[in-house]
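First the structure, in the form of structure tokens, and then the observations on it.
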Amino acid sequence: MAITEIRPDIRYVGVNDRTTTRFEGLWPLPQGVSYNSYLAVGEQVALIDTVEERFGGRLLENIRHEIGDRPVDYLVINHMEPDHSSSIALLRRHYPEMRLVGNAKTLQMVEGYYGIACPAHTVADGGQLDLGGLTLQFHLIPMVHWPETMATWCPERQTLFSGDAFGTFGALDGGITDTQVETERYWDEMRRYYAAIVGKYGAPVQKALAKLGSLPIHTICPTHGPVWQRETARVVDLYDRMSRYEAEPGVVIAYGSMYGNTERLAERIARTLAEEQVGPIRVYNLSYAEPSEVLRDIFRYDTLLVGSPTYNGALFPPVKQLLDLLSARGIPRRRFARFGSFTWAGTAARLLGEFAQQMKWECTGEAVEMKQGATDADIDRCDALARTLAAEIKAARR
Ligand code: FEO
């Protein structure tokens with residue numbers, strides 16, 4: 001059996017993208033990304049989601065490889081973000097009789113994005129489509145990650161086509177399912193994907209998990225990354241914890257520094273925390289760090305220290321950028337502490353405190369805010385902040 005047949009009558013026809021450097025024009029793709037598309041082959045054939053339009057030719061080739069000259073009768077559109085929908089026009093040219101299947105919001109977006117207004121099979125939550133031998137049932141899961149998003153369930157094969165949910169960055173190196181690829185490299189990329197793309201929508205993800213949780217899932221077919229069969233429980237558990245913003249013990253220190261003075265405070269705090277054995281500790285210089293990696297670790301770990309120089313009477317721009325990303329994602333709880341420096345008028349520490357207030361996070365310890373270069377007293381204040389934080393962390397771990 002070809003490995004593209006991931007379940008009987010369910011075929012993988014997706015593609016790898018190893019050339020796009022930034023997903024959504026924002027997030028780097030050092031290991032590429034896959035756009036997953038699937039065929040459900042009953043007496044009639046349904047294609048579930050398409051791929052980014054530059055790869056439409058490969059999608060067609062993959063479809064023809066699986067079903068030859070048979071027509072595609074339906075195109076199920078689970079999600080309209082263009083990485084999955086921008087080959088719709090190409091598909092319609094090759095399969096002019098193909099009917100689009102989507103909910104009312106989806107079909108409005110098909111017209112809005114692509115000017116396509118055609119007779120379609122409009123589905124509501126719980127609706128289904130009989131392909132003859134295979135059934136597709138549709139479950140609306142709005143805001144995972146757009147308002148029109150739905151998941152498609154095939155009960156005969158206990159297979160869930162989950163859209164972006166359970167997806168990950170990282171192209172597929174030959175294999176397709178988690179029994180065919182080396183999965184270790186995907187877990188960090190799954191966290192980064194979640195934090196960057198879906199991280200704002202924790203509550204909708206929780207609703208979707210509750211809605212889909214009773215299905216007897218054998219196979220999860222997301223729109224990005226491996227098809228999950230052996231590790232479905234681990235994947236669902238990870239998404240559940242991330243969407244509850246649940247963190248594990250660990251410290252992220254994220255700072256900006258123009259001339260190394262704020263950096264010196266960051267290094268000292270990190271060293272003292274390490275002496276207190278409250279790791280893991282991740283330290284990021286925000287002028288150089290990749291924001292999605294910093295976000296990934298802030299989603300993962302329960303303690304965050306942010307340091308900033310005062311710059312034009314405000315926060316240093318890369319620090320402000322990180323805070324904006326965090327604010328947009330509404331992370332409800334983190335242990336938080338702050339530090340910074342200034343030359344003639346200190347503002348950064350106050351603004352960091354205001355950020356914590358806005359997030360409804362409590363600040364731990366006294367902010368260390370230093371004028372110009374670090375004195376012994378400033379270093380002592382770093383040690384004191386780190387020890388206060390370490391005491392809290394240890395108490396929480398008991
Ligand atoms: Fe992979 Fe929200 O699109």
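The values are calculated or read from the model by the stated rules, or taken from the named source; none is laboratory data. These numbers come from a predicted model, not from an experiment. Neighbour counts are summed over all protein chains in view; Cβ atoms, including those assigned to glycine, are modelled from backbone coordinates with ideal geometry. Just so you know, the surface numbers come from the protein's heavy atoms only, side chains and all, with ligands and any DNA or RNA stripped out. Shrake-Rupley method; radii C 1.70, N 1.55, O 1.52, S 1.80 Å.
Numbers at a glance
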read-out	value
Pairs where the first residue, in the stretch 380-398, is open to solvent by less than 60 Å² (accessible area, probe 1.4 Å) and the second is of a type in the set (S, T, N, Q), C-beta under 7 Å, 6+ apart	382/272; 383/272; 386/272; 389/303; 389/364; 393/303
Hits in the stretch 243-264 (condition: more than 19 Å from the chain's Cα centre (by Cα) and either on the phi > 0 side of the Ramachandran plot or open to solvent by 20 Å² or more (accessible area, probe 1.4 Å) (or both))	249, 250, 258, 259, 260, 261, 263, 264
Spans of strands (runs of 3 or more DSSP E) in the stretch 21-60 with at least 2 residues within 15 Å of the ligand (Cβ to nearest atom) and open to solvent by less than 20 Å² (accessible area, probe 1.4 Å)	33-35
Selected residue [of a type outside the set (Phe, Trp, Tyr), more than 23 Å from residue 109 (Cα to Cα) and open to solvent by less than 10 Å² (accessible area, probe 1.4 Å)] from 63, 67, 77	63
Residue among 79, 94 that is of a type outside the set (Lys, Arg) and away from the ligand (no atom under 16 Å from the Cβ)	94
Residue 292, sole failed condition from (1) under 22 Å from residue 188 (Cβ atoms); (2) touching a Ser or Thr at 6+ places or on another chain (Cβ under 9 Å)	(2)
Condition met for residue 216 (farther than 21 Å from residue 47 by Cα, touching a residue at least 12 places away in the same chain (Cβ under 8 Å) and within 13 Å of the ligand (Cβ to nearest atom))	no
Qualifying residue in the stretch 155-162 (condition: under 16 Å from residue 201 (Cβ atoms), within 16 Å of the ligand (Cβ to nearest atom), in contact (Cβ under 8 Å) with a residue 40 or more places away in the chain and under 16 Å from the mean Cα position of the chain (by Cα))	yes
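Residue by residue, here is whether (1) more than 15 Å from the ligand (Cβ to nearest atom); (2) open to solvent by less than 50 Å² (accessible area, probe 1.4 Å); (3) of a type outside the set (Ser, Thr, Tyr) holds:
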residue	(1), (2), (3)
141	no, yes, yes
151	no, yes, yes
164	no, yes, yes
174	yes, no, yes
188	yes, no, yes
209	yes, yes, yes
222	no, yes, yes
230	yes, no, yes
241	yes, no, yes
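Residue-wise test of (1) more than 15 Å from the ligand (Cβ to nearest atom); (2) over 31 Å from the mean Cα position of the chain (by Cα); (3) of a type outside the set (Val, Ile, Thr); (4) surrounded by 17 or more Cβ atoms within 10 Å (Cβ to Cβ).
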site	(1), (2), (3), (4)
73	yes, yes, yes, yes
105	no, no, yes, no
111	yes, no, yes, no
115	yes, no, yes, no
133	yes, yes, yes, no
